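Written below as structure tokens is the structure these notes are about.
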Amino acid sequence: MFGGFLRVTFFGKFRYRLPVDGIYSDAASLPPTEELTNSEDSMAKDEHNKAAEHHENAAKAHRSAAEHHGKGDHAKGKEHANSAKQHSQTADKHSDQAHSKSQQQK
């Protein structure tokens, strides 16, 4: 799966694509955003950051699950898969909250 993109969906809704080129990229590698000027912007940014953190944790757990399944350790693989599912669901919740807060600012 190297050199492509992983399409990430939650509950049937497309969310984003992750590069799968063998190099883990985190939020620090994203382009800088504009300075926030008020508390509403800050609240929306907090939700976006929480969502991003859970998306990253879900991706890590998915990779761990795949590695353990590949080694035949299915119990540990299932444990990581369940962790990935929990992080994905939490990220979806934070994404929805961030979207709502961003819409309120318009």
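Just so it is clear, none of the values below were taken in a lab; they were calculated from the coordinates. All figures in this text were calculated on a predicted structure; none of them were measured in a lab. Please note: Cβ atoms are built from the backbone with ideal geometry, for glycine as well, and neighbour counts cover all protein chains shown.
Taking 0.36 nm per residue of sequence separation and removing the Cα-Cα distance, the Asn82/His99 pair yields an extension gain of 3.6 nm. In this Cβ point-charge picture (+1 for Lys and Arg, -1 for Asp and Glu), the range 46-106 has a dipole of about 100 debye about its Cα centre.
Over 25 Å apart at the Cα level, from the set Lys45/Lys85; Lys45/Lys76; Lys50/Lys101, are Lys45/Lys76.
Put a dot 7 Å past the Cα of Lys71, heading toward its Cβ, do the same for Glu53, and the two dots end up 2.8 nm apart. Between rounded, prolate and oblate, where does the range 40-92 land on the alpha carbon gyration tensor, with a ≥ b ≥ c its root eigenvalues, rounded for a/c under 1.5, else prolate if a/b exceeds b/c? Cα axes put the range 40-92 in the prolate bin.
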